[in-house]
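Accompanying notes for the structure given below.
The values are calculated or read from the model by the stated rules, or taken from the named source; none is laboratory data. Everything numeric here is computed off the predicted structure, so don't read it as measured data. With ideal geometry, Cβ positions are generated from the backbone for all residues, glycine too; neighbour counts draw on all protein chains shown. Areas reflect the complete protein model, heavy atoms only, side chains present, ligands, DNA and RNA absent. Shrake-Rupley method; radii C 1.70, N 1.55, O 1.52, S 1.80 Å.
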Amino acid sequence: LNQINQQIEQGFEALSQAKGTKTLPDASKKLGPSVKGSTQVKTASPPADGQISDPKIQKPMGEQVEEAAPEQPSPDLAKQQVEDKDEPMNQQEAKVEKPVVNASDEELKELAAKDPDCGGRFGTKEGWKPLDQFVAEISVSQFFEEFLAEEAPFGFDRLSELLKHTQIQKQPFKEKVMDINMVVPLTGVPFVNQTRCLKQVTIVSQSESKLVIEMDVKTFDAPYCDTFICKEAWVVLQPLPEQQRCIVVKSMKIHFVKSTFFKGKIQARSEQGMQETAVAWLKHAQQRGHLHRDTLSQKPKLSPQASMPPPSQADNQEKLAPKQVDRAVREEAEAQPVKEPLLVEAQAGPPQEKIPPPRSDGHLQ
């Protein structure tokens with residue numbers, strides 16, 4: 001240890017002498033021989049500024065060299081690490097969707113009362129009358145798909161079939177207008193029992209939380225049919241797009257395009273027919289589950305003929321091929337003479353008129 005101490009002192013002296021010189025002397029030559037034993041002290045040339053890079057020899061031997069303590073993370077860094085660990089849990093909690101709370105009947109009625117279309121455009125001040133109002137357990141989008149879409153399970157064409165309408169022709173929407181032609185039976189109208197009819201359905205506005213449609217119904221064969229048009233409006237509302245409950249408000253109006261002496265009778269009879277149709281529509285829609293989200297139709301039901309398997313080729317040939325009759329049997333039947341029917345006579349009593357037998361053409365059967 002004394003030798004090492006002497007060598008270190010010599011190194012310091014050499015450094016102090018070399019401060020004023022341009023080149024530093026080789027410190028390894030002045031450190032003397034190595035320490036006894038197999039262990040040798042390795043030295044390196046000092047830096048250009050004259051400072052020794054080894055921290056253990058920068059102080060005298062008598063002073064204790066303190067080792068550098070490990071670096072402690074700052075409070076901000078520790079807080080950031082804790083937040084990073086909690087981030088996956090927060091993401092999982094965010095993925096869990098909260099249950100949607102649907103609006104109550106009172107909230108839906110209040111929404112309809114404040115709607116500008118229900119109270120303004122289709123209100124009583126504009127000549128409209130309330131036709132029907134009910135709550136459906138479906139959203140506005142589901143309402144459109146069930147009743148107004150091109151392949152709607154319960155569209156207006158299906159309603160016409162249930163109401164015994166004939167010659168139904170439904171056209172797809174074109175620029176938000178759909179035409180439906182049909183023949184409608186009439187009751188209580190003199191000299192006419194049916195009439196041709198055209199229903200035009202127009203989408204006034206459509207969004208995720210509101211749907212407004214307007215319908216014009218024109219007849220062509222009823223008395224004074226050129227003097228009026230039956231108009232009907234539907235407003236479907238829900239407070240929020242993610243909710244699964246809506247309110248349907250229906251209004252009606254008889255619009256006269258010409259003056260007529262029978263205006264009162266025409267209006268009363270037309271409004272009665274529209275009310276009956278609205279009641280029938282709601283009845284069939286509820287019975288078939290179109291107004292509840294748990295019983296919505298996934299696809300329109302096929303008719304019994306469409307659901308039957310197609311006939312085989314042998315069945316088709318059997319139906320198309322004429323029945324072959326044995327020639328001998330046919331010739332024998334033709335050879336027998338046709339017997340004239342005998343007149344029936346009374347067995348007792350006074351002579352009665354002869355009664356002719358029933359005719360072969362079956363008019364008396």
Filter the trypsin sites (Lys or Arg not before Pro) in the stretch 153-187 down to the DSSP loop ones having no more than 15 other Cβ atoms within 10 Å, then list what survives.
-> 164, 176
Obtain the nm distance between the two label points defined at residue 276 and residue 167 by a simple spin-label model: each point lies 7 Å from its Cα along the Cα-to-C-beta direction.
-> 2.1 nm
Cβ-Cβ FRET estimate between residue 174 and residue 206, R0 fixed at 22 Å, reported to 0.05 | 0.90
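Given 0.36 nm per residue, what is the gain on full extension from residue 256 to residue 191 after removing their alpha carbon distance, in nm?
Working: separation 65, 0.36 × 65 = 23.40 nm, distance 2.27 nm.
Stretched fully, the residue 256-residue 191 segment lengthens by 21.1 nm.
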Going residue by residue through the stretch 238-246, the Karplus relation 6.51 cos²θ - 1.76 cosθ + 1.60 with θ = phi - 60° gives ³J(HN,Hα) values, rounded to whole Hz and with x marking Gly or Pro, of 8, x, 10, x, 7, 7, 10, 8, 9
Residues of the stretch 181-222 with backbone N under 19 Å of the label point set 7 Å from the Cα of residue 265 along Cα→Cβ are 186-195, 219-222
Carbon and sulfur atoms: what percent of the 1.4 Å accessible area of the stretch 105-294 do they account for?
-> 50 percent
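Mind listing which chymotrypsin sites (Phe, Trp or Tyr not before Pro) in the stretch 183-291 are in a DSSP loop and have 13 or fewer other Cβ atoms within 10 Å? Don't jump to the answer; show the numbers that get you there.
On the way: sites: 191, 220, 224, 228, 234, 256, 261, 262, 281; in loops: 191, 220, 224, 261, 262.
Loop-located and lightly packed - 191, 220, 261, 262.
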Residue separation between residue 12 and residue 288 times 0.36 nm, minus their alpha-carbon distance, gives in nm 88.9 nm
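For a quick check of your reading of the filter: which GluC sites (Glu not before Pro) in the stretch 125-167 sit in a DSSP loop and have no more than 13 other Cβ atoms within 10 Å?
Numbers: sites: 126, 137, 145, 146, 150, 151, 161; in loops: 150, 151.
Taking the stretch 125-167 and a limit of 13 other Cβ atoms within 10 Å, the loop GluC sites (Glu not before Pro) found are 150, 151.
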Efficiency by 1/(1 + (r/R0)^6): what FRET value for residue 109 and residue 218, r their Cβ-Cβ distance, R0 = 41 Å, to the nearest 0.05?
-> 0.80
Return the sequence-ordered ³J(HN,Hα) values of the stretch 6-13 in whole Hz as given by the Karplus equation 6.51 cos²θ - 1.76 cosθ + 1.60 applied to θ = phi - 60°, using x for Gly and Pro.
-> 5, 5, 5, 4, 4, x, 5, 5
Rounded to the angstrom and largest first, Cα extents along the principal axes for the stretch 174-274 equal 53, 28, 23
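Using the Cα gyration tensor of the stretch 105-294, with a ≥ b ≥ c the square roots of its eigenvalues, what is the shape: rounded (a/c below 1.5), prolate (a/b larger than b/c) or oblate (neither)?
Numbers: a/c = 1.96, a/b = 1.45, b/c = 1.35.
It is prolate, given that a/c is not under 1.5 and a/b is the larger ratio.
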Probe 1.4 Å, accessible area per residue of the stretch 105-294, Å² = 54 Å²
Whenever you get a sec, line up 166, 124 from highest to lowest accessible area (probe 1.4 Å, protein heavy atoms).
-> 124, 166
Treat each spin label as a single point 7 Å out from the Cα along the C-beta direction, and report the residue 242 to residue 4 distance in nm.
-> 7.3 nm
For the stretch 118-123, in residue order, the Karplus 3J(HN,Hα) values (coefficients 6.51, -1.76, 1.60; θ = phi - 60°; whole Hz; Gly and Pro = x) are 5, x, x, 5, 10, x
